[in-house]
Amino acid sequence: VAAWGPAAAMAVAAVVVASAPLLCVGLGLAAAVHAGPQESPLVAALGGLRALRGDWPSLALLIVMAFDFVLAGALDVLGVSFADKVLDAAEAGAGLLISSIGVGGLLGAITGSVLARRARLAPLVMGGGMLQGLAFASVALVDALPLAFALLAVSGFGGALMMVSGRTLLQRATEDEVLARVFAVQESTALVGVAVGAGLSPLLLELFGAQTAWAPLGLAIASLAAAAFLLTRRLD
C-alpha cells in the first residue's frame, strides 16, 4: 500500500484470488453418481445438522473451530482501537497488528499440513486452540507494537494449526455420504463466529478498555479448547 497505493494493492489481491481456482484444475475428481430420488434443497441443507445430531464429540470440535472465527471477527475492531489508544500508532499500527495473524497463520497452516498425517489429531486441536487463545489474551499485557505483533503472529500460528488439524479430524470422523453437508455446517458456524466477534468487540471495549479487551476472548477459546478435548479425543 505504501509503495503502490490502495488501488494497486486491491488489484494484486483480486488477481491472486481469481487465480486460486487454478490450483484445483488437476484434482481429477470422478463424476458424482446420483442414486435414488433427489432431495429437496431444504432437506439437503438440513442434512448436515441431522448428521451431527447427538454426535457430541463432532459438535464440540465444531464449536472450538467456530471460536477461531470469533477472534477473527473481533480482531479488526480490537486492533484499530489498540493501535490508536494504547500504541498511538494510528493506521500503520492497526494494519500491522491485523496482518500479523496472517503471517503466523501461514506458518501454522504449513506446520499443520505436515502434522495432519499423524494418527491422533485431537491433541493438536487442543494445543493449537490453547496457544491461539493464550497468545491473543497476552496482548492485554503489552504496550509495544513489536511485542503485540509477535503475540498475534503466535496466535495466528496456533489458530491455523488448530483449524487444519480440526478439519482433518472432522473429515476422518464423518461418513463420506454426509461429509459435504457437515462441512457446510462448519462454514455456516464460521460466518456466525465472525459476526459474533465483531458484535462483541464494542461491548468488550466499553467494559474493559482498549488494552484489556483482548483477554476475555483469548482466555475463552483457550479454556474451551482444553475442555473440549475430553470429547474430541474420542474422534481419534
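The values are calculated or read from the model by the stated rules, or taken from the named source; none is laboratory data. Predicted, not measured: the structure shown is a model, and the values here were computed from it. As a convention, Cβ positions derive from the backbone with ideal geometry for all residues, glycine included, and neighbour counts pool all protein chains shown. For the accessible areas, the whole protein counts, side chains as well, though only heavy atoms, and no ligand, DNA or RNA atoms are used. Shrake-Rupley method; radii C 1.70, N 1.55, O 1.52, S 1.80 Å.
Summary of values
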{"quantity": "Share of carbon and sulfur in the accessible heavy-atom surface of segment 116-236 [1.4 Å probe, %]", "calculated": "65 percent"}
{"quantity": "Potential extension, Leu147-Ala198 segment - 0.36 nm per residue separation minus Cα distance", "calculated": "16.0 nm"}
{"quantity": "Highest-fluctuation residue, Gly28, Gly158, Gly102 considered, GNM on the chain with Cα pairs under 10 Å", "calculated": "Gly28"}
{"quantity": "Cβ-Cβ FRET estimate between Ala109 and Glu187, R0 fixed at 22 Å, reported to 0.05", "calculated": "0.80"}
{"quantity": "Mean Cα-pair separation over length for the chain, i.e. relative contact order, pairs under 8 Å, 6 or more apart, %", "calculated": "34 percent"}
{"quantity": "Calculated SAXS-style log₁₀ I(q)/I(0) at q = 0.10, 0.12, 0.14, 0.23 Å⁻¹ - segment 137-236, Debye, Cα scatterers", "calculated": "-0.37, -0.53, -0.69, -1.33"}
{"quantity": "Cβ-placed point charges (K, R +1; D, E -1), dipole of segment 79-228 about Cα centre in debye, nearest 20", "calculated": "560 debye"}
{"quantity": "Principal semi-axes in Å for segment 86-126 [√(5λ), Cα gyration tensor, largest first]", "calculated": "33, 10, 4"}
{"quantity": "Segment 129-200 - charge dipole about Cα centre, Lys and Arg +1 at Cβ, Asp and Glu -1, debye rounded to 20", "calculated": "80 debye"}
{"quantity": "Cα-based helix-to-principal-axis angle, 145-173 vs the chain, degrees rounded to 10", "calculated": "10 degrees"}
{"quantity": "Helix 56-85 vs. the chain, principal-axis angle (Cα, 0 to 90°, nearest 10)", "calculated": "20 degrees"}
{"quantity": "Computed lengthening from Ala20 to Arg50, 0.36 nm per intervening residue step minus Cα-Cα distance", "calculated": "7.6 nm"}
{"quantity": "Computed FRET value (nearest 0.05) for Leu230 with Gln171, which takes r as the C-beta separation and R₀ as 30 Å", "calculated": "0.90"}
{"quantity": "Segment 66-108 and segment 132-153: distance between their alpha carbon centers, rounded to Å", "calculated": "10 Å"}
{"quantity": "Whole-Å semi-axes of segment 61-154's equivalent ellipsoid (Cα gyration tensor)", "calculated": "27, 13, 11"}
{"quantity": "Heavy-atom surface of the chain, accessible at 1.4 Å and reported per residue (Å²)", "calculated": "55 Å²"}
{"quantity": "Estimated Rh, the chain: Kirkwood, alpha-carbon pairs, angstrom", "calculated": "19.2 Å"}
{"quantity": "With Cα atoms, 0 to 90° folded angle of helix 122-138 axis to the chain main axis", "calculated": "20 degrees"}
